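K.L.:
Could you have a look at this structure, given as C-alpha cells, before my questions?
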C-alpha cells in the first residue's frame with residue numbers, strides 16, 4: 001500500500017519542506033548563541049564550516065527530535081484515507097474543546113499566557129494542535145452543508161462552530177492563534193461555496209468594528225493619561241506653593257476659564273475634582289478592557305505603526321527587528337556574525353523573530369531564498385486544492401494552505417514592522433515542538449489529499 005502512496009507523493013513539496021527544515025536548523029543553531037566582543041571577533045575569523053561547528057546545538061537537537069515526531073505523524077496521517085478521518089470528526093471536535101478547556105484549569109503559564117499542558121517532563125500546546133483538528137473537523141462539517149451556504153442565516157452555524165474553540169483560546173489568552181482560526185474559516189467557507197460578496201461584507205464589518213474599538217480605546221487611554229498628567233502638574237504646583245501656576249501657562253488658563261481663583265483653596269478643590277474625574281475615567285477604561293482586549297494586547301497590535309513612541313517598551317521588539325533585517329544588506333553579515341542577534345538586542349530570536357535573524361545573517365539573498373521556498377510550498381498546496389477528487393479533500397487542502405499562508409504573511413509582516421505583533425511563529429522554521437509537529441502533520445494530510453486525487457484500489 002505504501003508503495004502506491006510513495007509513487008503518488010508530490011516530491012517538489014517534500015523537497016521544499018526538507019529544505020525549509022535544514023535552513024531552519026541552521027538559523028536556530030546560530031540564533032540561540034550569545035557572544036561577547038572578544039568571542040564574536042574569534043568567530044568572524046573562522047571559515048563557514050568551523051562556524052557551523054560552533055553553533056548552539058542544544059535547541060537544534062531538540063528541534064530535530066520534534067521534526068522526527070512530526071514526520072512520523074505526517075506518515076501516519078498520510079496512510080489513513082482522509083475520508084476515514086471524517087467518521088471521527090465529532091469525536092475530534094469534542095476532544096479538541098476538552099483539551100482547550102483543560103488549559104484554563106491545569107495549563108502552565110509562561111510569558112504572560114496560560115497555553116501549555118505538562119505531562120511529566122514533556123509539555124505541549126493544545127492550541128497548536130487545535131488548528132489541524134479544526135481543519136479536519138470543519139472540512140467534514142462544511143462538506144455536509146454543501147449548497148446551503150447562500151445567506152447569513154446559513155453561515156451562523158458555521159461561525160458558531162469556530163467561535164467556541166476561538167473563545168477558549170482567547171481565554172488563555174492567545175490572540176494570534178485566534179486570528180489563524182479566522183483565516184482558516186474564511187478560506188474554507190470561500191471554497192465551500194459561500195457567496196464572496198457576503199464574506200467580503202462580513203470581513204469589512206469586522207474591520208469597521210475593530211477600527212471603532214481602536215478609536216474608543218484611544219479616546220479612553222488619552223483621557224485617562226491626560227487626567228493623570230494634570231493631577232501630577234497640580235500636585236507639583238501645590239508642593240512648591242506655586243499658587244499662580246507660573247510654570248504652567250496652559251493649566252493656569254484652564255483654571256481661569258473654569259472660574260477658579262489662583263489660590264491654595266481653589267487649587268486643592270480643583271485637585272479633588274480631577275481625582276474624581278480620573279477615578280471615573282479609570283473605571284471606564286478598565287471596563288473597556290474587561291470586555292475587549294487587554295491593554296498590552298491593544299498596545300502590541302498598534303505599536304508597529306509608531307515603535308519610536310516606546311523604544312524601550314512595547315516598541316522595542318519591532319524596532320530591533322527592523323534594525324536586524326536592514327543591517328543584513330545584500331548577502332548578510334554571515335552565519336554567527338549577526339550582532340543584533342548574538343548581542344541579544346533582538347528578542348525571542350529563535351521563535352517569533354527568527355525571520356529577522358535570516359535577514360541579518362543571510363541578507364536579501366537569504367530572505368529571497370526563504371520566500372522562494374514558501375512560494376513553492378503554497379503553490380504546490382494550491383495545485384493540490386485544484387487536484388482534490390471531492391469537496392471534502394478540497395476543503396481539507398484549503399484549510400491547510402490558508403493556515404500556512406496566514407502564518408507566513410503575518411510573521412514576516414510582523415518582523416518587518418508592517419503588521420501587528422501577534423506572536424505567530426514562522427511555519428516549519430521557528431523553534432517549537434507543538435508547532436513543528438502540527439505543521440508536519442498538516443503536510444501529511446495535504447499529501448494525503450493529493451495521493452488520493454484519484455481513487456486508489458489496493
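K.L.:
Which of the helices (runs of 4 or more DSSP H) found entirely inside the stretch 1-58 contain at least 3 residues meeting this: under 30 Å from residue 451 (Cβ atoms) and modelled with pLDDT under 75? It would help to see each step written out before you state the result.
P.N.:
Working: elements: 2-8, 11-31, 37-44, 48-53.
Qualifying helices (runs of 4 or more DSSP H): 2-8.
K.L.:
Is it true that residue 172 is at pLDDT below 95, assigned by TED's automatic domain parsing to the domain that holds residue 84, assigned to a loop (DSSP other than H, G, I, E, B) and farther than 28 Å from residue 87 by Cα? Talk me through it step by step, then tell me what you get.
P.N.:
Details: at pLDDT below 95: yes; assigned by TED's automatic domain parsing to the domain that holds residue 84: yes; assigned to a loop (DSSP other than H, G, I, E, B): yes; farther than 28 Å from residue 87 by Cα: yes.
So residue 172 passes the test.
K.L.:
Does residue 235 satisfy the criteria of being surrounded by fewer than 16 Cβ atoms within 10 Å (Cβ to Cβ) and at positive phi?
P.N.:
On the way: surrounded by fewer than 16 Cβ atoms within 10 Å (Cβ to Cβ): yes; at positive phi: no.
No, not satisfied.
K.L.:
If a residue has to be over 19 Å from residue 175 (Cβ atoms) and not in a helix (DSSP H, G or I) to count, how many in the stretch 281-298 make the cut?
P.N.:
Here the count works out to 0.
K.L.:
Select from the stretch 368-409 the residues that are in contact with a helix residue (DSSP H, G or I) (Cβ under 7 Å, 6 or more places away or on another chain), surrounded by fewer than 23 Cβ atoms within 10 Å (Cβ to Cβ), closer than 25 Å to residue 86 by Cα and free of Cβ contacts under 8 Å to residues at least 60 places away in the same chain and list them in ascending order.
P.N.:
Within the stretch 368-409, 378, 382, 404 qualify.
K.L.:
Another question, if that's okay. Among the numbered criteria (1) within 18 Å of residue 392 (Cβ to Cβ); (2) part of a helix (DSSP H, G or I); (3) more than 18 Å from the chain's Cα centre (by Cα), which one does residue 147 miss?
P.N.:
Result: residue 147 passes all but (2).
K.L.:
So which of 205, 167 ends up being outside the structural domain of residue 277 (by TED's automatic domain parsing), part of a helix (DSSP H, G or I) and either more than 21 Å from residue 133 (Cβ to Cβ) or in contact with a strand residue (DSSP E or B) (Cβ under 7 Å, 6 or more places away or on another chain) (or both)?
P.N.:
Working: 167 fails: either more than 21 Å from residue 133 (Cβ to Cβ) or in contact with a strand residue (DSSP E or B) (Cβ under 7 Å, 6 or more places away or on another chain) (or both).
Checking each option against the conditions leaves just 205.
K.L.:
Here is a follow-up. Going by the conditions given, is residue 184 over 23 Å from residue 397 (Cα atoms), under 14 Å from the mean Cα position of the chain (by Cα) and assigned to a helix (DSSP H, G or I)? Steps first, answer last, please.
P.N.:
Working: over 23 Å from residue 397 (Cα atoms): no; under 14 Å from the mean Cα position of the chain (by Cα): yes; assigned to a helix (DSSP H, G or I): yes.
Considered against the rule, which asks whether it is over 23 Å from residue 397 (Cα atoms), under 14 Å from the mean Cα position of the chain (by Cα) and assigned to a helix (DSSP H, G or I), residue 184 comes out as no.
K.L.:
Then there's this: Output the number of residues of the stretch 239-254 satisfying the condition of being in a helix (DSSP H, G or I) and touching a helix residue (DSSP H, G or I) at 6+ places or on another chain (Cβ under 6 Å). Even if it seems obvious, please write down each step before you answer.
P.N.:
Quick first cut of the stretch 239-254, residues in a helix (DSSP H, G or I) only: 239, 249-254.
Now drop any that are not touching a helix residue (DSSP H, G or I) at 6+ places or on another chain (Cβ under 6 Å), which leaves 251.
Count: 1.
K.L.:
OK, next. Output the qualifying pairs, or none if there are none: Cβ atoms under 6 angstrom, residues six or more apart or on different chains, first residue in the stretch 334-360 and on the phi > 0 side of the Ramachandran plot, second residue modelled with pLDDT of 80 or more and surrounded by 24 or more Cβ atoms within 10 Å (Cβ to Cβ).
P.N.:
Sorted first by the residue in the stretch 334-360, then by its partner, the pairs are 336/30.
K.L.:
Specify the residue that is farthest from the chain's Cα centre (by Cα); the eligible residues are those in the stretch 255-280 that are outside any helix (DSSP H, G or I) and loosely packed, with under 12 Cβ neighbours inside 10 Å. Steps first, please.
P.N.:
Looking only at the stretch 255-280, we keep the residues that are outside any helix (DSSP H, G or I), and these are 258-263.
Adding the requirement that they be loosely packed, with under 12 Cβ neighbours inside 10 Å leaves 258-259, 263.
Numbers: 258: 49, 259: 52, 263: 55 Å.
Result: 263.
The values are calculated or read from the model by the stated rules, or taken from the named source; none is laboratory data. Just so we're clear, the structure is a prediction, and the values are computed from it rather than from any experiment. Don't worry about glycine lacking a Cβ; one is built from the backbone with ideal geometry, like all the others, and counts go over all protein chains shown.
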